[in-house]
Amino acid sequence: MIAHVSGVVAEKFANSVIVDVRGIGYEVQVPTGDFDRTLLGEPVKFYTYHHIREQSQELFGFSSLAAKKLFEMLITVQGVGPKAALAILSLGGSEIVRNAIASSDSGFITKASGVGKKTAERVVVDLSDKVGLAVNVAHASGSISTPAGDEALEALMALGYGLNDAMIALEAVPADLPTAQRVTLALKEQN
């Protein structure tokens, strides 16, 4: 599986970005926010979900690991495929979508292209408990959302921590330390 793609933006079209990685162009479908932030000729890194079907293979990319993890949760819901999950994440940042799901706002989810009322309600019912804990922890700790692009948080999630556990592990660790040191200290705190 292709876990991430790092390279230079070669082309952009219809919510897809062609990332040139040493002469090989990977077409990565991205949420609207990530599409808008990428600039031609600039370096980029996307955490990817490699979707393989019988007749095609597609890469879906996200600028943060938290967005990728939310995407993976969304596609576990019956009736939500990768395109619908991408449309849901295009409604706003991953924290906005996460908060909408946690607060059972199915009306917000129906704004996504190709997502009907029943599917939106299924998303809320299936995922509100899974994403709700992270939102409650964020509110309890005094911050409203996780910092976008927090590499230490993303590293802990890549090691198998849920968003909730990763946020708790990093609460006592100073944010101004290098990423590797923050991850090491967070892991020590959990043991």
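Taking the numbered list (1) modelled with pLDDT under 85; (2) under 21 Å from N15 (Cα atoms); (3) polar (S, T, N, Q) in turn, S63 passes all entries but (1).
Would you mind finding the one in K68, K130, K83 that is crowded, with 23+ Cβ neighbours inside 10 Å, of a type outside the set (V, I, T) and at pLDDT below 95?
K68
The helices (runs of 4 or more DSSP H) located wholly in segment 137-190 include none with 3 or more residues which are surrounded by 15 or more Cβ atoms within 10 Å (Cβ to Cβ), basic (K, R) and at pLDDT below 70.
When the residues of segment 36-63 are narrowed to those that are of a type in the set (D, E, K, R) and assigned to a loop (DSSP other than H, G, I, E, B), which ends up farthest from E95 (Cα to Cα)? My answer is E54. Between V5, V28, V17, the distinction of being of a type in the set (V, I, T), over 16 Å from the mean Cα position of the chain (by Cα) and assigned to a strand (DSSP E or B) belongs to V17 only.
On inspection, V9 does not qualify as closer than 28 Å to L153 by Cβ, buried (at least 20 other Cβ atoms within 10 Å of the Cβ) and among the β-branched types (V, I, T).
Looking at V115, V77, just one residue is outside the structural domain of G25 (by TED's automatic domain parsing), under 23 Å from S16 (Cβ atoms) and either small (G, A, S) or not in a strand (DSSP E or B) (or both), and that residue is V115.
Kindly indicate whether G33 is assigned to a helix (DSSP H, G or I) and crowded, with 16+ Cβ neighbours inside 10 Å. Lay out the reasoning, then the answer.
Working: assigned to a helix (DSSP H, G or I): yes; crowded, with 16+ Cβ neighbours inside 10 Å: yes.
The answer is yes for G33.
The values are calculated or read from the model by the stated rules, or taken from the named source; none is laboratory data. This one's a predicted model, so the numbers in the text were calculated from it and none came from an experiment. Counting neighbours? That spans all protein chains shown, and the Cβs are built from the backbone with ideal geometry, glycine included.
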